[in-house]
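Asks: One structure, as structure tokens, below. Some questions next.
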Amino acid sequence: MTVPTATATARQAARDALEGLALGDAFGERWFGLFRTPAEAFEQIRARRTPAESPWHWTDDTAMALCVHRALLDQDGVNRTQLAAMFGATFLADPGRGYGHGMKRLLPVLAEHPQRWETEAATLFDGQGSLGNGAAMRVAPLGAWFAEDLDEAAEQARYSAEVTHAHPEGIAGAVAVALAAALAARGRTDGGRTDDGRTPDGAPAGAELLREVAARTPDGAVRDGVAAAADLPAATEPWRAADLLGNGQRIRASDTVPFALWSAAHHLDSLTDALWTTAEGLGDVDTTCAVTGGVVAARTGLSGVPAAWRERREGLPGWVAEAEG
């Protein structure tokens, strides 16, 4: 393993983002299949009734985020061929994590031929490449890792996305989430907020964070969605925000990232509140909660999360803790 150049603060923020992403993923997954109708699930979420089942297993969102985190620990950045190999090997070792159709086709090939990531990713969806939310769901730890350099965060997010998502919108989703996580990580302080929503060290929050993310996201539907999220008041009912911005039901980055970031940006001091808010949007709730959880935890870690949630969530592989030893 090479010696990472990221600061200790950035490394901790990335680890926290990974923990929050996994928690959001596992928490969000609970709302699939537990209830007969979406209306029943919505009622339980609005009442803040924590699912009692245990353990809370995480999905492909976390499985792939673990690969991204491993890449950061190994090389302080993304080597796309190495990442392709890890994605492929992880899929073959545990294919039942809820991978989408495109990844079920792509990842076995990358396991055998990781150097072909560019040509293989481009063949998906009739040669258009994937514009799905898969690159966005796994990238928050990377954004936190590069919090001190937003340009580097955006570039590394693009690298991490290109391995599986050749479509510009799939890449843009990853860039937007990484930027949000980087900005959230810059606010790792208990010093309160100024009148314009920034922390005392200048880190943005709320609409200001969303505007900064939109300004740095490539042109397209994801950027437009994040800009729309910035204009949506914080007091908007979550179900209404999801209706306007998308809740991931279409599995596209543009249909997932804006709402998840809206929820995160307005709850940067409470991971628990952020996840409940995001869950109210239903849809692809494990992925929206993974995105929200990763961004918020880049600032808060698991601080304030109920002990029962921590105990029920499936643990991460032992190497995650060992790497920080």
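Every read-out reported here was derived from the displayed coordinates using simple, explicitly stated rules and does not represent laboratory data. Predicted model, so just to flag it, every value in this text is computed and none were measured. Neighbour counts run over all protein chains shown; Cβ positions are idealised from the backbone, glycine included.
Asks: Across the range 26-85, what is the number of residues that are among the small types (Gly, Ala, Ser), farther than 30 Å from ALA153 by Cβ and touching a residue at least 60 places away in the same chain (Cβ under 8 Å)?
Replies: 2
Asks: In the range 301-317, is there at least one residue being in contact with a Pro (Cβ under 8 Å, 6 or more places away or on another chain), in contact (Cβ under 8 Å) with a residue 12 or more places away in the chain, under 27 Å from THR9 (Cβ atoms) and surrounded by 21 or more Cβ atoms within 10 Å (Cβ to Cβ)?
Replies: Yes, some residue in the range 301-317 is in contact with a Pro (Cβ under 8 Å, 6 or more places away or on another chain), in contact (Cβ under 8 Å) with a residue 12 or more places away in the chain, under 27 Å from THR9 (Cβ atoms) and surrounded by 21 or more Cβ atoms within 10 Å (Cβ to Cβ).
Asks: I'd like the full set of residues that are charged (D, E, K, R) and crowded, with 23+ Cβ neighbours inside 10 Å, limited to the range 264-293.
Replies: Listed by number, the residues that qualify are ASP284, ASP286.
Asks: Which of the helices (runs of 4 or more DSSP H) found entirely inside the range 130-176 contain at least 1 residues meeting this: closer than 22 Å to THR119 by Cβ?
Replies: Here the list reads 134-137, 150-162.
Asks: Can you name the number of the only condition in (1) assigned to a helix (DSSP H, G or I); (2) more than 29 Å from ARG240 (Cβ to Cβ); (3) more than 18 Å from the chain's Cα centre (by Cα) that TRP309 fails?
Replies: So TRP309 meets the others, but not (2).
Asks: Okay, moving on. Considering the range 202-218 alone, what residues qualify as being in a loop (DSSP other than H, G, I, E, B) and touching a Pro at 6+ places or on another chain (Cβ under 9 Å)?
Replies: PRO218, the sole residue that qualifies.
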